[in-house]
Amino acid sequence: MSDLVLVLNSGSSSIKYQLLHADTAEVLASGLVEKIGETQGGRITHECGDRELVHDGPIPDHRAGLRQAFEMFRETGLDLTTVGVGAVGHRVVHGGEVFWEPTLITDDVVRTIRELSVLAPLHNPANVIGIESTRELLPGIPQVAVFDTGFFHSLPEAARTYAIDAKVAAAHGIRKYGFHGTSHQYVSEKAAEFLGRPSSELNQIVFHLGNGASASAIAGGVAIDTTMGLTPLEGLVMGTRPGDLDPGIMPHLIHVAGLDLKQVEQLLNRDSGIKGLSGVNDFRELQQLIDGGDAAAELAYDVYIHRLRRYLGAYLVELGAVDDIVFTAGVGENSAAVRADALAGLSGFGIEIDPARNETRAPGVRRISPDGARVAVLVVPTNEELAIARAANDLVTAS
Ligand code: AMP
């Protein structure tokens, strides 16, 4: 049985892909299909070893994009139909209350993922198109859906329930689901491995700080709380999303500011967060603005850190005691300033950072707390593709 897995992450106008060995984590090729369905700017960037191929031109739909990407695989000597792909793993954003384990894709599974689009209208339809196109192009290769909500299936009722009319909530599936689950699970397990202790013995707090951002509290390997909710809008301040808001702001925007629903959705998904406050959503650009003395950028940073610390406090109390705090994703792995400011002044809780370790860049998992500190603070690079590949490979091997 081949451990070679093609992993796909299909968005509304893009597809990220990687071909890798689940056992060794060796990546044979990876790429990005961009601006699908747009009249201009269509591009596929394909990397294979030290070769990079670029295809520029309109990409009418996902199927055409994948077909072209597969052609680029062939050009670099990897024909996906013959190279021995054992499984295709798809990142699927929302599994609702139906799916939480990695699931072998059948017609019924595709239908249900499509039905769950009411819970993730921006994401699940694109995931379905990616799945359908791949099933057509690679018939006979087992396909597996790995759900971004899956790891948070375990949230206790008190943590996952919104205090609104229970009948309305039940009728419309309104509850906290959580997202980035594959990453939270992967880095928490990596952290346990690094500490040489089983996850079942650890209380952990994970900060996944990328363009999207979320935190989780994990007790004994089981998630007990997370910041994202019914949708990926709740919780931490993100690149373009606000995180927590007074729900009364929504009717205020409609009735007082005169926005329509489409404009509110645009505001919340694309024009809020760091970008809404500072004009830029990339953390490196934010840092440059701050270095130049930009007051709006400084405020955006302060709001971002304030929200992180609020959830850190909440999760410390929920867990009672914490063994390790993990930072991951673009900002979490790279911004020493964010890590230092998020945890400043908490030595009374056993939380300390060694400034030299924090500033030193190094690949792989690393400890940034001083030796002997009560709480281990770790930087753990996330690898959602590898986690999806392993989940898909395990399922296909077992079935
Ligand atoms: P991700 O969604 O995990 O790819 O993370 C994207 C975010 O990580 C963007 O806001 C980037 O600006 C940020 N990022 C990437 N590299 C760095 C860096 N060296 N320092 C600070 N932020 C970074």
Query - Debye, to nearest 20: dipole size of the chain, +1 on Lys, Arg Cβ, -1 on Asp, Glu Cβ - result: 360
Query raised in the report: Taking a quarter of the surface of the Cα convex hull of the chain, what do you get in nm²?
Result: 21.2
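Note the per residue figure in Å³ for the convex hull of the C-alpha positions in segment 267-309. Please list the in-between numbers first.
Values: hull volume 2.7 nm³, N = 43.
In segment 267-309, the Cα hull volume divided by residue count equals 64 Å³.
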Query raised in the report: So which of Lys16/Lys167; Lys176/Lys262; Lys35/Lys176; Lys16/Lys275; Lys35/Lys275; Lys167/Lys190 end up more than 29 Å apart, counting from Cα to Cα?
Result: Lys16/Lys167; Lys35/Lys176; Lys167/Lys190
Report task. Could you please state, rounded to a whole Å, how far the C-alpha centre of segment 188-247 is from the C-alpha centre of segment 49-102? Result -> 28
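Counting DSSP beta bridges in the chain, what percent are antiparallel, to the nearest 5? Don't skip to the end; give the middle numbers.
Numbers: 39 of 58 bridges.
If we restrict to bridges inside the chain, about 65 percent are antiparallel.
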**Report entry** Long-range HN-HN contacts of Ile36 with modeled amide H, under 5 Å
**Finding:** Ser14
Query raised in the report: Using 0.36 nm per residue, how much length does the chain from Asp244 to Asp108 gain when fully extended, once their Cα-Cα distance is taken away?
Result: 45.4 nm
Query raised in the report: Put +1 on the Cβ of every Lys and Arg and -1 on every Asp and Glu Cβ in segment 255-360; which of Ala344, Asn334, Tyr304 then has its Cα farthest towards the positive end of the dipole?
Result: Tyr304
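Provide the net charge surrounding Ala191, with neighbours chosen by a C-beta distance below 14 Å and charges set as Lys +1, Arg +1, Asp -1, Glu -1. Before the final figure, lay out each step's value.
Working: positive: Lys190, Arg197, Arg366, Arg367; negative: Glu189, Glu193, Glu201, Asp323, Asp324, Glu333.
For residues surrounding Ala191, the net value is -2.
Counting only protein heavy atoms and a 1.4 Å probe, tell me what percentage of segment 170-325's accessible area is made up of carbon and sulfur. Mind showing how you got there, number by number?
Details: 3710 of 6900 Å².
The computed percentage sits at 54.
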Query - Within a Gaussian network of the chain (alpha carbon springs, distance under 10 Å), most fluctuating of Val168, Val206, Val331 - result: Val168
Query raised in the report: Counting only DSSP beta bridges with both residues in segment 46-145, what percent are antiparallel, rounded to the nearest 5?
Result: 60
Requested in this report: Work out from phi, with θ = phi - 60° and the Karplus expression 6.51 cos²θ - 1.76 cosθ + 1.60, the ³J(HN,Hα) of each residue of segment 342-348, listed in order in whole Hz, and give x for Gly and Pro.
Outcome: 5, 10, 5, x, 10, 4, x
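Using a 1.4 angstrom probe, figure out how much accessible area segment 15-148 has per residue, in square angstrom, rounded to the nearest whole. Could you put the intermediate results ahead of the total?
Details: 6160 Å² over 134 residues.
Accessible area per residue: 46 Å².
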**Report entry** Among Ala257, Asn383, Ala215 - extreme Cα towards positive end, dipole of the chain, charges at beta-carbon
**Finding:** Ala257
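Quick one: in segment 173-238, what % of C-alpha pairs are over 14 Å apart? Please report the intermediate quantities before stating the final value.
Details: 1148 of 2145 pairs.
Percent of Cα pairs beyond 14 Å in segment 173-238: 54.
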Requested in this report: Compute the accessible area per residue over segment 196-236, keeping the other protein chains in place, probe 1.4 Å, unit Å².
Outcome: 26
**Report entry** MRE, 222 nm, helices only [DSSP H, n ≥ 4, -39500 (n - 2.57), over the chain, to nearest 500]
**Finding:** -11500 deg cm²/dmol
Query raised in the report: Å³ per residue of the Cα convex hull, for segment 1-115?
Result: 116
**Report entry** Label-point gap, in nm, between Asp23 and Asp371 - each point 7 angstrom along Cα→Cβ
**Finding:** 3.7
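Tell me, what is the per residue accessible area of segment 344-399 in Å², probe radius 1.4 Å? Intermediate values should be presented prior to the final figure.
On the way: 2820 Å² over 56 residues.
On a per-residue basis, 50 Å².
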Query raised in the report: For segment 72-150, what does the equivalent ellipsoid look like in terms of its semi-axes, each the square root of 5 times an eigenvalue of the Cα gyration tensor, given largest first in whole Å?
Result: 25, 12, 11
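The values are calculated or read from the model by the stated rules, or taken from the named source; none is laboratory data. All values derive from a computational prediction rather than experimental measurement. No Cβ is skipped: glycine too gets one built from the backbone with ideal geometry, and neighbour counts run over all protein chains shown. Each accessible area value is taken on the protein alone, full model and side chains, heavy atoms only, with ligands, DNA and RNA left out. Shrake-Rupley method; radii C 1.70, N 1.55, O 1.52, S 1.80 Å.
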